[in-house]
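Report on the structure given below.
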Amino acid sequence: MEVEITGMITGRKTARDDSVSMAAEIRSGNRRALSAAITLVESTRSEDRELAAGLMDQLSRAGRREAVRIAVSGTPGAGKSTLIDAAGSMLVKQGCSVAVLAVDPTSVRTGGSILGDKTRMARLAGLSGAYIRPSPNSQALGGVSSRSTEAVFLCEQAGFDHVLIETTGVGQSETDASRFSDIFMLLAAPGGGDELQGIKRGIIELADLIVVNKADGELKNAALAAASEYRSAIHLLPASPANPPGFPKVLVLSASEETGLDAMLAEISQLVDWRKSGSHWREGRRIQEARWLESRLGQTIHSTVEQSGLVERYCRRLEGELDAGHSVYSPEISGGLARLSAEIARHLEGGE
Ligand code: GDP
């Protein structure tokens, strides 16, 4: 089967044949085809990009399938994989199907863990209604957002009704995750003292739910105290028209003891129902599409310039200036950068 699917991607048939049969495999729920397709959309090779575009086109013509896209963000060690394992298993037992994607490759290597994703979410991985996509190996410059959106879309087309997107609170990834999710959950664990320290205000503003984990044993009181700090913080935020009264909400639970998970899932489903009952859901999807487009535009410009060899040529030339003893702030370097910028502009215009 694997050989067959690999053949489908690289194979002897036309690219259109490939994308038609691959789309059919994905829609019939073939997990290997889904994995192969996600690898394809993550690829930066131009022939893969072309095939990926054909596949996405085929799938989008095949009829709309829509999941609830939930981003779970939080610092390493907050308990994201424990929570996804437990809540995902609960959803599957309720009859839902769940796909899990990790946005940033670092997310499995932080928190002292170098375990693979399957091992981290062992219970969920063992359920037939679940699919766990191993983390990407590398993070392509400028393309994280649009490629992850495509991976989410592929999971939807494979028939999953919930897509959980895991991301660490490192770098740009959580802002990106909020761009391709319907629900953004910030997971926090009680620390020592000032809970809001280290969590950027901007991230709190993105959250639909702030979930304080580890409310068990010795940590219980600290978790309750952290939750009240978060409540005071969100109280100061301006109300968003995309939220019903009471949202964003702060919840307290224990992922490992599985207390409070039912309530969390009920809050998510309440929020989804409310947004779907008005225009907010569709508007949210429209914004996600616009951001996808923005990301693809940036990517297209980047790869066009890269393929032209301009950057490499300037890099060599400007490194020569450094070798000649000019500082990075010298007019030789800044003038070179300005010339590069002008040349890129000319190059792009010429490509019209
Ligand atoms: P991630 O890095 O955010 O994915 O965090 P993990 O799910 O790997 O959890 C980090 C550590 O916190 C592990 O040792 C977990 O066993 C522990 N942990 C996760 N959830 C809970 C919880 O609800 N209570 C307690 N006490 N520990 C937890």
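The values are calculated or read from the model by the stated rules, or taken from the named source; none is laboratory data. All of these numbers come straight from a predicted model, not from anything done at the bench. Because the Cβ atoms are built from the backbone with ideal geometry, glycine has one as well, and the counts that use them run over all protein chains shown.
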Q | Subset of the stretch 254-269 (residues that are free of Cβ contacts under 8 Å to residues at least 24 places away in the same chain and within 16 Å of the ligand (Cβ to nearest atom)) | A | Ala263
Q: Filter the stretch 79-101 for residues that are among the charged types (D, E, K, R) and surrounded by 24 or more Cβ atoms within 10 Å (Cβ to Cβ) and give the result.
A: Lys80
Q: Show the residue pairs that are 6+ apart or on different chains and have beta-carbon atoms under 7 Å apart, the first residue being within the stretch 68-81 and more than 22 Å from Gly284 (Cα to Cα) and of a type in the set (Lys, Arg), the second being within 6 Å of the ligand (Cβ to nearest atom) and not in a loop (DSSP other than H, G, I, E, B).
A: Lys80/Gly74
Q) Just checking, which of Gln58, Gln139 is more than 16 Å from the ligand (Cβ to nearest atom), surrounded by fewer than 24 Cβ atoms within 10 Å (Cβ to Cβ) and either at pLDDT 70 or above or of a type in the set (D, E, K, R) (or both)? A) Gln58
(Q) For the stretch 338-352: of the residues being surrounded by 12 or more Cβ atoms within 10 Å (Cβ to Cβ) and within 33 Å of the chain's Cα centre (by Cα), which is farthest from Glu319 (Cα to Cα)? (A) Leu348
Q. Among the residues of the stretch 270-284, is there at least one that is more than 16 Å from the ligand (Cβ to nearest atom) and outside any helix (DSSP H, G or I)?
A. yes
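Within the group Val92, Val72, which residue is within 16 Å of Leu265 (Cβ to Cβ) and outside any helix (DSSP H, G or I)?
Values: Val92 fails: outside any helix (DSSP H, G or I).
Going through Val92, Val72 in turn, just one is within 16 Å of Leu265 (Cβ to Cβ) and outside any helix (DSSP H, G or I): Val72.
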Q. Among the residues of the stretch 229-245, is there at least one that is modelled with pLDDT of 95 or more and under 26 Å from Val152 (Cα atoms)?
A. no
Q) Out of curiosity, is Ala177 within 16 Å of the ligand (Cβ to nearest atom), touching a strand residue (DSSP E or B) at 6+ places or on another chain (Cβ under 7 Å) and either over 23 Å from Ala87 (Cβ atoms) or modelled with pLDDT of 75 or more (or both)? A) yes
Q) Which condition number does Leu251 fail, the rest of (1) in a helix (DSSP H, G or I); (2) within 16 Å of the ligand (Cβ to nearest atom); (3) closer than 23 Å to Ile165 by Cα being met? A) (1)
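Any idea which residue in the stretch 251-287 is surrounded by the most Cβ atoms within 10 Å (Cβ to Cβ), counting only those that are acidic (Asp, Glu) and closer than 22 Å to Lys80 by Cβ?
Narrowing the stretch 251-287 to residues acidic (Asp, Glu): 257-258, 262, 267, 273, 283.
Narrowing the set further to residues that are closer than 22 Å to Lys80 by Cβ leaves 257-258, 262, 267.
On the way: Glu257: 13, Glu258: 16, Asp262: 13, Glu267: 19.
The qualifying residue surrounded by the most Cβ atoms within 10 Å (Cβ to Cβ) is Glu267.
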**Q.** Residues of the stretch 220-232 satisfying the condition of being within 13 Å of Leu209 (Cα to Cα) and touching a residue at least 24 places away in the same chain (Cβ under 8 Å)
**A.** Ala227, Tyr230
Q | Output for the stretch 43-52, where each listed residue is within 19 Å of the chain's Cα centre (by Cα) and at pLDDT 85 or above | A | Ala52
